[in-house]
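Undergrad: Take a look at the following structure, please.
The values are calculated or read from the model by the stated rules, or taken from the named source; none is laboratory data. Computed from a predicted model, the values in this text were never measured in an experiment. Using ideal geometry, Cβ is built from the backbone for each residue, glycine included, and neighbour counts are taken over all protein chains shown. Please note that ligands, DNA and RNA were not included when accessible areas were found on the heavy atoms of the full protein model with its side chains. Shrake-Rupley method; radii C 1.70, N 1.55, O 1.52, S 1.80 Å.
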Amino acid sequence: MLREILETIEARGGGLVLVEYSSLDHPELVFAEIITGWREKGIIPLIVDIGDTLHIFTSKLRMMGVNIEVEDFPVVKEIGNTRVGNIVGEVHEIEDFDYHMAKYAQIAKKVPEESKKHTIVLGMEKFSFTFMDNPPKLERYFEKINRRYLKYPDVKDVIFLNTSVASEYLTKSLEQDYDYVLRLRGTDLSLVKTPGGESVEVR
């Protein structure tokens, strides 16, 4: 089902995709299928790894007997210490938004051109821990960091969000900003939002 959903989104010109899951689900399997499908098409995405989530995902996959190669993927680390993939830069300061923006922009220059139009963000909920009880500060994050990068033509972004951990405010803000919302429940993945709210037929 995931492959069909992604192919449908690609056929419609791509967009910004939010993958919601709970602590009981296995988002690492969705992640593996996405990067496997992209690699088959010659796409090497940028991975933004927040709080060592890439290490967690790949470790769980290995325990399930699923081996994926990510060492050639450019990775931007945001907080966390376990280095997985081809690290192109690290940003550990998240409260100083202006510094964060400047640092990220500097690192982005090092990302190979072929990886700039496909990005996977892992561990988004961990980014908000510092200001989970401060909605105005979280809103400032969206204005200065997230929304500034949205709506670039041809960009395909996939962000993974653990809704068991994320605040309702963070979840709703991301749902509002992203074109497509996929919801994982157990092994079932459903498409719950599309641009404009129109239905999408999955082949």
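Undergrad: How much accessible surface does residue 191 have with a 1.4 Å probe, in Å² rounded to 10?
TA: Its heavy atoms expose roughly 50 Å² to the probe.
Undergrad: Ordering 29, 184 by accessible area with a probe of 1.4 Å, largest first, what comes out? Please list the in-between numbers first.
TA: Working: 29 80, 184 5 Å².
The residues order as 29, 184, largest area first.
Undergrad: Quick check: from the Cα gyration tensor, does segment 1-193 come out rounded (a/c under 1.5), prolate or oblate? Write out the running numbers ahead of the final one.
TA: Details: a/c = 1.29, a/b = 1.16, b/c = 1.11.
Rounded, because the longest to shortest axis ratio a/c is under 1.5.
Undergrad: Enter the accessible area per residue of segment 1-193 (Å², integer; probe 1.4 Å; all protein chains in place). Display every interim value, and only then the final one.
TA: Working: 9060 Å² over 193 residues.
Accessible surface, normalised per residue, equals 47 Å².
Undergrad: OK, next. Looking at segment 1-193 only, what percent of DSSP beta bridges run antiparallel? Nearest 5 please. Write down the numbers at each step before the final one.
TA: On the way: 5 of 32 bridges.
Beta bridges within segment 1-193, antiparallel portion: roughly 15 percent.
Undergrad: Any idea what the dipole of segment 1-193 comes to, in debye rounded to 20, about its Cα centre with Lys/Arg Cβ at +1 and Asp/Glu Cβ at -1? Write out the running numbers ahead of the final one.
TA: On the way: 25 positive and 32 negative charges, 50 e Å.
Its charge dipole is roughly 240 debye.
Undergrad: Now a separate question. Tell me which residues come under 5 Å, amide H to amide H, from residue 87 once H is placed; ignore anything under 5 positions away on its chain.
TA: 75
Undergrad: Might you work out the accessible area of residue 187 for me, using a 1.4 Å probe with all protein chains in place, and round it to the nearest 10 Å²?
TA: In the full protein context, residue 187 sits at about 130 Å².
Undergrad: Which ³J(HN,Hα) values, rounded to whole Hz and listed in residue order, are derived for segment 107-122 from phi using the Karplus coefficients 6.51, -1.76 and 1.60 in 6.51 cos²θ - 1.76 cosθ + 1.60 with θ = phi - 60°, glycine and proline given as x?
TA: 5, 4, 5, 8, 6, x, 4, 5, 9, 6, 9, 9, 10, 10, 10, 10
Undergrad: Another one. For the full complex of protein chains and a 1.4 angstrom probe, list 90, 20 by accessible area with the highest value first. Working shown, then result.
TA: Details: 90 60, 20 5 Å².
Sorted descending by solvent-accessible area, the residues read 90, 20.
Undergrad: To the nearest 10 square angstrom, what accessible area does residue 192 show with a 1.4 Å probe?
TA: Probe radius 1.4 Å; accessible area of residue 192 about 70 Å².
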